[in-house]
Each structure stands twice: as structure tokens, then as C-alpha cells.
Amino acid sequence: RISGETDTFRWVAGAYYLDMETDADAITRGAPVAGVAVDLGYDPDALVDPQVVQDYTLDSSNWSVFGQGEWDFAESFTLIVGARWSQDDKEMDFRTLFTSPGDGIADPSFDLGAAAAAAGSDKDEVDYGDWAGRLQLDWRTSDDTLLYASYNRGIKGGNFGPSANATLDNIRHDEEVLHAYELGFKTEFGNGVA
């Protein structure tokens, strides 16, 4: 990150990078397992210690560049402009195995890669690039009072929710975009309370 300033202008710019691999295993018992057992044709009440073993690998590569400037264009007014570009790439390799050790049962219940390939789907991947931004006008009506109006565009990349009853339709949530508008003021009273 780098930054600088003059008498009437302040700025900051930078970049961010993350490359991460997560390997995880989990065992789930209870209501989600009963649903998987029914889907596989078993009677969950007749099984001995049924469970679902989840095995997944998540590869994540994320980067962004950003910048923001604050310009005091008049004695009492400041304009703030900021922007960020983010690229979010993820790939999930996820499998579940239904087991009931007391009954000698071990059946595959879900393979994300195979299900996605069979359906011609991209639900095992996230490839999302988008921008976030900020535009704000500040008006200092006095030394202790600020009026402001702002617009912010926020983003959140998609991700995965691996669970015992995951399916191709519910394992990935899509990206989100938020548009936020705000009007407000800040002030300080005589006793220093803001």
C-alpha cells in the first residue's frame, strides 16, 4: 500500500493477493445423515451409527487493486472517491461417503465434480471479477459538525457450503452486490460527546 498527501488532497492505493489451498475432512451425524440415508434407499431408523464423511479441497486465488482520494475542493467541502477491482477464483473438489460401520455399509452419496460434469454445470467453480466503489461529499458546517452524503457499491464473491446433505443445486452460493446510500451528520456537543 502507498499513500501521499498535499495541502488539499490525500490519496491511498494498493494491491492485495491471496493464494490458498484448504484440505478438510468432517464427519456428520444426525438429521442430515437421515436425509442422505433416505436418498440412498436405506431406512435411517434401522441403521447402526450412520454417518456421512465429507472430504473436500478448496483452491482459492484472490487479488485486487484499489485506490481512494480525498479532495478539499473548497474551504468546507471534501469530495471522496474510491474504487476497488477484485478477482475471486475458487475450485471445490468435494465428496461425501455415507457409512454405517455397524452394518458394513459404505456408499458414495455425492461427488461434486462428477455431478457438475454430468450436468454441464460450473457449480464446482467460482470465477468472479467485479468492482466496488465509494462516492462521498462532506460538508463541514462548523469545526464540530459534519454533514455528508455517500453512495457505496459493495461486492461479495461466491463461495461453497459443503455439508452432509449438499447437492449440486445448493452447495454454491452466488456472488452478491450491495448498493448503499447514506445521508448523515456528525457533531460534537459542549461536553465533547460525539
Q. What lysines could a cross-link reach from Lys156, if we take a straight Cα to Cα line under 27 Å and drop same-chain neighbours fewer than 8 places away?
A. Lys90, Lys123
Q) So how much slack lies between Ala149 and Leu168, counting 0.36 nm per residue of separation and subtracting their Cα-Cα distance, in nm? A) 2.6 nm
Q | In sequence order, calculated HN-Hα J values of the range 112-124 (Karplus, 6.51, -1.76, 1.60; Hz; x Gly/Pro) | A | 4, x, 5, 5, 5, 4, 5, 8, x, 10, 10, 5, 9
Q. Out of Phe160, Phe77, Phe98, any idea which swings most in a Gaussian network model of the chain, alpha carbons joined below 10 Å?
A. Phe77
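Would you mind computing the Rg to Rh ratio of the range 21-126 from its alpha-carbon coordinates, Kirkwood style for Rh? Before the final figure, lay out the partial values.
Numbers: Rg = 23.6 Å, Rh = 17.6 Å.
Looking at the range 21-126, the ratio lands at 1.35.
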Q | the chain: C-alpha gyration tensor shape, a/c 1.5 cut-off, then a/b vs b/c | A | prolate
Q.
Tell me the net charge near Gln54. Cut-off is 13 Å between Cβ atoms, Gln54 excluded, with +1 for each Lys or Arg and -1 for each Asp or Glu.
A. -3
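Excluding ligands, DNA and RNA, what is the solvent-accessible area per residue of the range 1-78 at a probe of 1.4 Å, expressed in Å²?
66 Å²
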Q.
What are the ³J(HN,Hα) couplings of the range 73-82, residue after residue, when phi is run through the Karplus curve with 6.51, -1.76, 1.60 and θ = phi - 60°? Round to Hz, x for glycine and proline.
A. 7, 8, 4, 10, 10, 10, 9, 10, 10, x
Q: Could you calculate the contour length gain from Asp49 to Val65, that is, 0.36 nm times the residue separation minus the distance between their Cα atoms, to one decimal place in nm?
A: 0.7 nm
Q. Cα centroid distance between the range 41-78 and the range 130-194, in Å?
A. 17 Å
(Q) If I compute solvent accessible area with a 1.4 Å probe over the protein chains, what percent of it on the range 1-160 is carbon and sulfur? (A) 53 percent
Q. Val81 versus Thr6, label points 7 Å from Cα toward the beta carbon: distance in nm?
A. 1.5 nm
Q) Using 1/(1 + (r/R0)^6) with R0 = 30 angstrom and r between the beta carbons of Asp122 and Asp19, what's the FRET efficiency to the nearest 0.05? A) 0.90
Q. Given the options Ile105, Ile155, Ile171, which has the most mean-square fluctuation in a GNM of the chain, springs set between C-alpha atoms less than 10 angstrom apart?
A. Ile105
Q. Tell me, what is the FRET efficiency for Phe73 and Leu178 to the nearest 0.05, using R0 = 25 angstrom and their Cβ-Cβ distance as r?
A. 0.35
**Q.** Most mobile listed residue (Arg153, Arg140, Arg172) in the chain, GNM with C-alpha springs under 10 Å
**A.** Arg140
(Q) As a test question: what accessible area, to the nearest 10 Å², does Ser76 have when a 1.4 Å probe is rolled over all protein chains in place? (A) 40 Å²
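The values are calculated or read from the model by the stated rules, or taken from the named source; none is laboratory data. The shown structure was predicted, so the numbers you read here are calculated from the model rather than taken from an experiment. Note that each Cβ is placed from the backbone with ideal geometry, even for glycine, and that neighbours are counted across all protein chains shown. With ligands, DNA and RNA removed, areas are computed over all heavy atoms of the protein, side chains included. Shrake-Rupley method; radii C 1.70, N 1.55, O 1.52, S 1.80 Å.
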